[in-house]
Amino acid sequence: MRPFLPLQSSASACTHQPVRGPGARAGAVAIRAGKLTMIGVTIRGLAIALLLGFAATAFAKEAPVAKEPAAAKTAAVASQKCIDCHSQAEPTDKSAAGKSVLLDPAKHAKSLHGSGKAACVDCHAGEEMRKYPHKSPKPAQCESCHAKAVKEYASTIHGKARAEGRMVAATCSDCHGTHDIKPTSDDAAKTSRANLEATCGACHGNEKIIREGKIPGGNVSALYHDSIHGRLLGGNTKAKDKVPVCTDCHGTHDMRPKRDPESAVSRANVPETCGTCHGKVKKVWAGSQHGKLRAATVLQAPGCTDCHGTHTIADPKTPKWQVGVIKECGGCHTEFIKTYRDTYHGQVTDLGFARMATCASCHGAHEVLPKSNPQSKISDQRILATCQACHPKANANFVKFQPHANKHKKESGLILYYTTKFMQLLLAGVFAFFGLHTILWLYRSLAEMKAKRARPAQESEKH
Amino acid sequence: MASQVQAGQAAAAGRHGAAQKYYERFDRVDRVMHAFLMTTFIGCAVTGMPPLFSDHEWAAGLARLLGGFDTAALIHRICAGVMIVVWLLHVVRLFTDAIRRTGFLAMVWGPSSMVPQPQDIIDIWLHFKWFVGKGPRPQFDRWTYWEKFDYWAVFWGMAIIGGSGLVLWFPAQFALFVPGWFFNVATVVHGEEALLAVGFIFTIHFFNGHLRPEKFPMDTVIFTGRIPEHELKDERPNEYRRLVAEGRLDAVETTAPTPWTLTFGYLVGGTAVILGSLTVVIIVFSVIT
């Protein structure tokens, strides 16, 4: 598929038009701005005129208002004239901006607006539209009916990015569609649970747009798709209807960047957001050392995503995740992961096998507590039971094993320290002596062989 | 120098197919023991290196190649078990031989003993002098000092690695009578000593036994058990003279190695040398990086 070309714009207000890649939905290819200069109506692109400053604020209303039946009829009648022309256009008929002016009346009729609730000119507003040919028509606008939503949108990460001139950010029509807008409760809607992954993914899953638009986070759509949430969403279990889709964590018209403290995905708010579904886990975490630190406003203490990731959240029952998360613990507990890797537990898990004890096996996962707390899995009161989970015959001697002994420090035991020193000396001594021995021997042997080769004639004469 | 000239003559005679005398250096039990030791050692080394170098890319790949953690651990423990049996059998054999044939004195003293003698210290000194061209090559007897070092390195190594390995294999059982720190020490000792053993066998032992120019690419004596007369005279002149003096030379004379055993020796020995050298390359690379 050929990429859509940016629209020609004669408007001074607009200097940048994003180029959408081949993967972008046709519907998402909204006309961002600019005036259309010739005959023709932009059929796509309900959006955004408001952000460029020529929104018809005079028509603003507080909320979408269902029109009275009489008004709806009027709207339908009024629109029929537009539809008569635009439904008969050839697919090759284009506006000056190169956009098709063809309208599929059946599709439009099934949409939320097409059922007579809104007339064409409600969105494609302006006196210009009532004349033919339409000279310099304005882009479609939503604000005249959806003023509240539009205002909310302006405060979102998308709205702010657009206000800063980053026109790659999504606007109304990118998420809701154009002539095919349906209520979110309708499975066919772009904003339905079933379609949201694809809708957000049109930008956040399109490598070209991500690269060229410098969209933060990378291909989060692909990551989400492979995450446990994405997999369950695409699966056939009951969880299908419960797992979060993009907006469940990020919000809709209240979507904020994670650096914004108000954001549902900000560092401080993540536990609350995850806790809406994972309430029990959140409660356990809140009682843990990590949770207590958080409550004491130590924001560095890990919340959900520090261990589980964000869009990559994996099934915690998979060995790959169980051994992978060790690195997350080790990211903060740097000394402990080093000494852990000195033990057989740490080595086997490092090789990718989850048969051996991971951090959580001994310390617990969400319930992690310091050794001094009797509730801790590694407290003197509970350590035996913890070891016995894997080593049923473990006794009091057994649990005196130091899973985090540092063999290079005397504090971990003098015998261990000096044994390590002795072994290192032994290795160094043996290899130094025999290394020298071997090198000298090799040198002498080669010299002898060379001498021998130099005198074979003499030797054969002696026989 | 005279012995080298003799050796040259003998080698020439051997090459020309003239009657070449062979003497038995390793009997059948020695050879079978070495074969078991060799295979189980390589088995333990290959399955044991991944955990020891778990932070390297190749380690995880090798562990998967070996069939994953469970299979690799099983191979390691089977090899270890067999090696311990070989070690025990060897100790038993030492004593039965001492009782039946040689007596205990010969086991701990004299040219047939593996116990280091004052002569070994002298030999080390003389050997180094020869290395640097300050003297003739020393006259060795049945066991040279480096062979004794090989032997004791393996003997001690098997006791240490085997012992610590058993502690780590059966922690709950050992915890009945050893303190907790014992497992920390066993972990260190098992790994470091294994590194020493693997590093030593796959470099020093391979060089001394096979890869040095006189032997390259392979000394098959450990597989055939037979040493040609010229080699015995050249490399172990003291043993040769002793056997002649004691009138036992004829008793140890044996047939020439069959082509089959020679091929087998080259094949098995060569495989071991290649596998071992590869392991060393990987270890050296890992230790450096």
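Which percent of Cα-Cα pairs in region B:87-181 sits in each 5 Å bin, short to long?
P(r) for region B:87-181, in whole percents per bin: 3, 11, 14, 15, 14, 11, 10, 10, 6, 3, 2, 0.
When only Cα pairs under 8 Å and 6 or more residues apart are kept, what is the percent relative contact order across region A:176-281?
On the way: 111 pairs, mean separation 12.4, N = 106.
The normalised contact order for region A:176-281 reaches 12 percent.
Would you mind counting up the charge near B:N208? Only other residues with Cβ under 11 Å from its Cβ, with Lys and Arg at +1 and Asp and Glu at -1.
Numbers: positive: B:R212, B:K215; negative: B:E147, B:D150, B:E214, B:D219.
Net of charged neighbours comes to -2.
Among A:V399, A:Q375, A:Q322, whose Cα lies farthest out toward the positive end of the dipole of region A:314-404, if unit charges sit on the beta carbon of Lys, Arg (+1) and Asp, Glu (-1)?
About the Cα centre, the residue reaching furthest to the positive side is A:V399.
Please state, rounded to one decimal and in Å, the Kirkwood hydrodynamic radius that region A:242-347 gives when every pair of distinct Cα atoms enters the mean of 1/r.
Numbers: mean 1/r = 0.0656 Å⁻¹.
Hydrodynamic radius (Kirkwood, Cα only) of region A:242-347 equals 15.2 Å.
For region B:136-289, just run the numbers: alpha carbon Rg, then divide by 2.2 N^0.38 Å, N being how many residues it has.
Details: Rg = 20.2 Å, N = 154, 2.2 N^0.38 = 14.9 Å.
Rg over 2.2 N^0.38 Å, computed on Cα atoms: 1.35.
At 18 Å minimum axial length over the Cα atoms and a Kyte-Doolittle cut of -1.0, report the qualifying DSSP H helices in chain B, or say none.
Details: long enough: B:2-15 (20 Å, -0.11); B:28-52 (36 Å, 0.81); B:68-97 (43 Å, 1.32); B:118-131 (20 Å, 0.14); B:145-169 (34 Å, 0.66); B:181-199 (27 Å, 1.02); B:259-288 (42 Å, 1.87).
Span-like helices here: B:2-15, B:28-52, B:68-97, B:118-131, B:145-169, B:181-199, B:259-288.
Tell me which lysines have Cα within less than 17 Å of A:K190's Cα, excluding those fewer than 8 residues away on the same chain?
Of all the lysines, those that pass the test against A:K190 - Cα under 17 Å, at least 8 places apart if same chain - are A:K107, A:K110, A:K182.
If you place +1 on the Cβ of every Lys and Arg and -1 on the Cβ of every Asp and Glu, how big does the dipole about the Cα centre of the protein assembly as shown come out, in debye to the nearest 20?
Details: 87 positive and 62 negative charges, 314 e Å.
Approximately 1500 debye in magnitude.
Once you have all Cα-Cα distances for the protein assembly as shown, histogram them in 20 Å bins from zero and send the whole-percent values.
Histogramming the protein assembly as shown at 20 Å steps yields 13, 30, 21, 18, 13, 5, 0 percent.
Mind pulling up the Rg/Rh value for region B:88-129? Radius of gyration and Kirkwood radius, both on Cα. The partial results should precede the final answer.
On the way: Rg = 13.3 Å, Rh = 11.5 Å.
Here the Rg-to-Rh quotient is 1.15.
What is the sum of charges, Lys and Arg at +1 and Asp and Glu at -1, for the other residues whose Cβ falls under 15 Å from the Cβ of A:F431? Spell out each step's value before the answer.
Details: positive: none; negative: B:D150, B:E192, B:E193.
Computed value for this residue: -3.
Whole number please: convex hull volume per residue of the Cα set in region A:304-463, in Å³? All intermediate terms of the calculation are to be shown ahead of the outcome.
Details: hull volume 38.0 nm³, N = 160.
Roughly 237 Å³ of hull volume per residue.
Taking Cα atoms of region A:314-404, Rg/Rh with Kirkwood Rh, to two decimals?
Working: Rg = 12.8 Å, Rh = 13.6 Å.
Result: Rg/Rh = 0.95.
Counting just the Cα atoms, what span does region A:176-331 cover along each of its three principal axes? Round to the nearest Å and put the largest first.
The Cα atoms of region A:176-331 stretch 53, 34, 30 Å along the principal axes, largest first.
Work through the residues other than B:D70 whose Cβ is under 13 Å from its Cβ and net out their charges, Lys, Arg +1 and Asp, Glu -1.
Charge balance near B:D70 sits at +3.
Could you list log10 I(q)/I(0) for region A:383-463 at q = 0.20, 0.21, 0.24 Å⁻¹, which the Debye formula gives when each Cα is one point scatterer?
Taken in order of the listed q values, log10 I(q)/I(0) reads -0.94, -0.97, -1.05.
Based on the alpha carbons, how large is the Rg to Rh ratio for chain B when Rh follows Kirkwood?
Details: Rg = 21.1 Å, Rh = 21.2 Å.
Ratio value, two decimals: 1.00.
Can you compute the charge dipole magnitude of region B:24-288 about its Cα centre, using +1 on each Lys and Arg Cβ and -1 on each Asp and Glu Cβ, nothing else charged? Give it in debye, rounded to the nearest 20.
Details: 21 positive and 24 negative charges, 56 e Å.
Computed charge dipole of region B:24-288: roughly 280 debye.
Compute the FRET efficiency between A:A295 and A:Q424 as 1/(1 + (r/R0)^6), taking r as their Cβ-Cβ distance and R0 = 51 Å, and round to the nearest 0.05. Please report the intermediate quantities before stating the final value.
Details: r = 46 Å, r/R0 = 0.90.
It comes to 0.65.
Report relative contact order for region A:314-404 in percent, whole number only (criteria: Cα-Cα under 8 Å, sequence separation at least 6).
Numbers: 91 pairs, mean separation 17.9, N = 91.
It rounds to 20 percent for region A:314-404.
Modelled label-to-label distance, A:F433 and A:L102, 7 Å Cα→beta-carbon offset: nm?
9.0 nm
Report the equivalent ellipsoid semi-axes for region A:192-237 in whole Å, largest first, defined as the square roots of five times the eigenvalues of the gyration tensor built from alpha carbon atoms. Mind showing how you got there, number by number?
Numbers: eigenvalues 96, 23, 7 Å².
In descending order the semi-axes read 22, 11, 6 Å.
What value, in deg cm²/dmol to 500, does the helix sum -39500 (n - 2.57) over DSSP H runs of n ≥ 4 give at 222 nm once divided by the residues of the protein assembly as shown? Kindly include the intermediate steps, with their values, before the conclusion.
Details: 36 runs with 400 residues, N = 752.
My calculation for the protein assembly as shown gives -16000 deg cm²/dmol from helical runs alone.
Put a dot 7 Å past each Cα toward the Cβ at A:E272 and A:L384; how far apart are the dots in nm?
Placing both labels 7 Å beyond Cα along the Cβ direction yields 4.5 nm.
When N counts the residues of region A:285-335, how does its alpha-carbon radius of gyration compare numerically with 2.2 N^0.38 Å, as a ratio? Could the numbers behind the result be given before it?
On the way: Rg = 11.8 Å, N = 51, 2.2 N^0.38 = 9.8 Å.
Cα-based Rg divided by the globular estimate yields 1.20.
If you wrap region A:126-166's Cα atoms in a convex hull and average its projection over all directions, what's the area in nm²? Working shown, then result.
On the way: hull surface 14.9 nm².
Answer in nm², one decimal: 3.7.
Readers should treat all values here as calculations from the given coordinates under stated rules, not as data from a laboratory. Note that the structure is a prediction, hence the values are computed from the model and not measured. Don't worry about glycine lacking a Cβ; one is built from the backbone with ideal geometry, like all the others, and counts go over all protein chains shown.
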